[in-house]
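Each remark here refers to the structure printed beneath this line.
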Amino acid sequence: MIDRFPIAQFNQLTTPFYYYDLEVLRATIDAVKQQVGGNPFRVHYALKANANPKLLKIIKDKGFGADCVSGGEVQAALDAGITADKIVFAGVGKADWEINLGIDQEIFCFNVESLPELETIHELAAQKNKIAKVALRINPDVQAKTHAYITTGLEENKFGISLSELDEVLQKVKILRNIDLIGMHVHIGSQITDMSPYADMCVKINELQLYFEYKGFKLKHINVGGGLGVNYEQPDAHLIPDFESYFRVFREKLNLRSGQIVHFELGRSIVAQCGSLISKVLYIKKGSTKQYVILDAGMTELIRPALYQAYHHIQNLFSGLPAQTYDVVGPICESTDVFATDYRLPETKRGDLIAIRSAGAYGETMASRYNLRNLPASYTSDEVRG
């Protein structure tokens with residue numbers, strides 16, 4: 001809804017910029033906490049979605065941990081006040097310095113993605129005379145029914161340990177004295193809105209539990225990853241993702257042992273809908289068959305449409321005129337710098353403010369300085385509204 005945006009205050013700010021509605025963020029987190037309460041569930045916010053310190057502070061204050069995929073994200077979580085015992089560290093290519101940071105800080109768990117990584121973590125932990133807690137990230141060969149670029153749980157994938165390798169890895173775990181295997185980790189993909197892949201994943205996890213026990217391992221922790229999607233088409237009608245259906249799958253389908261804890265790594269579903277990219281119209285260009293809205297924001301500020309052909313709802317915050325059809329594009333010197341084609345907007349003019357919605361996830365965190373552009377500022381509703 002346009003009245004969500006303080007347009008008078010926006011007119012005083014330099015575009016493009018990211019705008020975060022903290023009322024939406026807090027309501028989203030509270031909806032998660034309502035579903036988690038009373039269950040053996042723990043939530044680790046996935047920093048790769050958005051690592052803005054203003055948002056991280058709220059997420060930390062609400063009691064969530066952190067899911068990190070780089071040493072930089074581990075440090076950002078620590079800087080935000082998230083304690084090391086709530087930090088999980090995944091990533092297929094952890095550098096030695098990143099592993100050492102996790103060991104030195106005694107983070108809760110490394111999500112290990114290969115046998116060579118497991119051996120390296122053991123070696124570095126042994127040098128420090130420490131024990132590194134790990135969970136094995138296993139590819140369950142479950143189709144996530146999402147975009148091919150963000151499917152991560154198939155048998156042949158750069159992420160995680162394939163089922164065919166698992167026996168060899170467990171044999172190695174038994175002889176690595178500086179490794180403590182505390183759990184398994186499964187993550188099948190991102191922007192998942194159909195709950196059936198999660199149910200399929202639970203079946204695989206239940207089977208894996210039996211396999212681990214057959215091999216002599218009792219796991220205290222089951223990490224089911226994240227990946228819950230959001231509604232990009234109608235953000236105002238679906239500000240809060242369907243957490244009730246999501247968590248119900250795991251309550252009903254997982255066969256947990258006594259004392260086991262389930263860990264979730266939610267990112268997009270927590271921050272996407274609270275954020276918008278605010279841009280100004282530079283020009284209206286009329287071609288022979290098309291007309292273009294040329295914005296001062298581009299793929300450098302929100303790369304998802306160019307990278308994934310992703311849809312984002314676009315609003316003109318000024319105009320109430322009858323709709324026309326436009327291609328909405330950015331200023332970057334690339335043909336893929338397009339937010340939408342044949343998109344219906346109220347008649348749009350130079351100087352109008354445009355909100356590109358659901359940009360709280362993978363907007364700011366993926367921004368670049370390509371074409372030597374400046375990185376945009378970010379503002380929260382608390383700051384702008386006073």
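Readers should treat all values here as calculations from the given coordinates under stated rules, not as data from a laboratory. The structure displayed is predicted, hence computed values, not measured ones. Don't worry about glycine lacking a Cβ; one is built from the backbone with ideal geometry, like all the others, and counts go over all protein chains shown.
The value for the range 328-373 of Rg(Cα) / (2.2 N^0.38 Å) is 1.32. Semi-axes of the equivalent ellipsoid of the range 22-272 are 28, 22, 16 Å, computed as sqrt(5λ) over the eigenvalues of the C-alpha gyration tensor in descending order. Reported to two decimal places, what Rg/Rh ratio describes the range 273-356 when computed on Cα atoms with Rh from the Kirkwood expression? Rounded to two decimals, Rg over Rh is 0.93. Overall, the ratio between the Cα radius of gyration of the range 1-144 and 2.2 N^0.38 Å, rounded to two decimals, is 1.27. What do you get for the angle between helix 96-105 and the principal long axis of the chain? Use alpha-carbon atoms, 0 to 90 degrees, nearest ten. That helix lies at roughly 70 degrees to the long axis.
The 3J(HN,Hα) values that the Karplus relation (6.51, -1.76, 1.60; θ = phi - 60°) gives for the range 185-195 are, in residue order, 10, 9, 9, 9, x, 9, 6, 9, 10, 8, 6 Hz. Gly and Pro appear as x. In a Gaussian network model over the chain where Cα atoms closer than 10 Å are linked, find which of Ile179, Ile270, Ile278 has the largest mean-square fluctuation. Of the options given, Ile179 has the highest mean-square fluctuation.
Overall, the anisotropy analysis places the range 30-112 in the prolate class: the square-rooted eigenvalues a ≥ b ≥ c of its C-alpha gyration tensor yield a/c not less than 1.5, with a/b exceeding b/c. Taking the number of Cβ atoms within 10 Å of each Cβ as an exposure proxy, the fewest-first ranking of Cys333, Cys274, Cys68 is Cys333, Cys274, Cys68.
Rounded to the nearest 20, the Cβ-based charge dipole of the chain about its Cα centre (Lys and Arg +1, Asp and Glu -1) stands at 440 debye. Determine the relative contact order of the chain: mean sequence separation of Cα pairs under 8 Å and six or more apart, normalised by residue count, in whole percent. For the chain, the relative contact order is 20 percent.
Considering only Leu228, Leu321, Leu181, the Gaussian network model of the chain with Cα springs below 10 Å gives its largest mean-square fluctuation to Leu321.
Most simply put, the chain has about 40% antiparallel DSSP beta bridges, counting only bridges with both residues inside it.
Measuring between alpha carbons in the structure, the pairs from Lys48/Lys280; Lys94/Lys133; Lys48/Lys133; Lys133/Lys204; Lys57/Lys280 lying more than 20 angstrom apart are Lys48/Lys280; Lys48/Lys133; Lys133/Lys204; Lys57/Lys280.
Which one of Asn206, Gly330, Gln234 is farthest out on the positive end of the charge dipole of the chain, using unit charges on Cβ (Lys, Arg +1; Asp, Glu -1) and the Cα centre as origin? So the residue furthest toward the plus end is Gln234. Listed from fewest to most Cβ neighbours within 10 Å, the set Arg137, Arg369 follows the order Arg369, Arg137. The long axis of helix 115-127 is offset from the longest Cα principal axis of the chain by roughly 70 degrees.
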